[in-house]
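The values are calculated or read from the model by the stated rules, or taken from the named source; none is laboratory data. From a predicted model like this one, the values you see are computed outputs, not experimental measurements. Glycine gets a Cβ as well: all are built from the backbone with ideal geometry, and neighbour counts include every protein chain shown.
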């Protein structure tokens, strides 16, 4: 049985802001590739009820907590979020 990915981008397919968030994540200067699962909340009524007004939303499921980074976020905020989540992605000093 595979584990649920720790990083998810909650979004919908008809969301231009979600596409912007995905593009921003793809350009982050990281020492290793970032694996983010795109989760279309329109396919899950519970997720839709919780997050419809908050997408795009970067979600990290850690061993003891769940962290969220809501849009709009900058590259620096995304890097800080990843560093805070302990994903092995160091935040550049620049």
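Scan segment 1-20 for residues that are farther than 23 Å from residue 63 by Cα, out of contact with any helix residue (DSSP H, G or I) (no Cβ under 6 Å at 6 or more places or on another chain) and assigned to a loop (DSSP other than H, G, I, E, B) and jot them down. Passing the criteria: 13, 14, 15.
Here is a yes/no grid of residues against (1) modelled with pLDDT under 95; (2) outside any loop (DSSP other than H, G, I, E, B); (3) touching a helix residue (DSSP H, G or I) at 6+ places or on another chain (Cβ under 9 Å):
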| site | (1), (2), (3) |
| --- | --- |
| 58 | no, yes, yes |
| 64 | yes, no, no |
| 77 | no, yes, no |
| 84 | yes, yes, no |
| 93 | yes, no, no |
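Scanning segment 21-52 for residues that are in a helix (DSSP H, G or I) and in contact (Cβ under 8 Å) with a residue 40 or more places away in the chain yields 21, 24, 25, 51.
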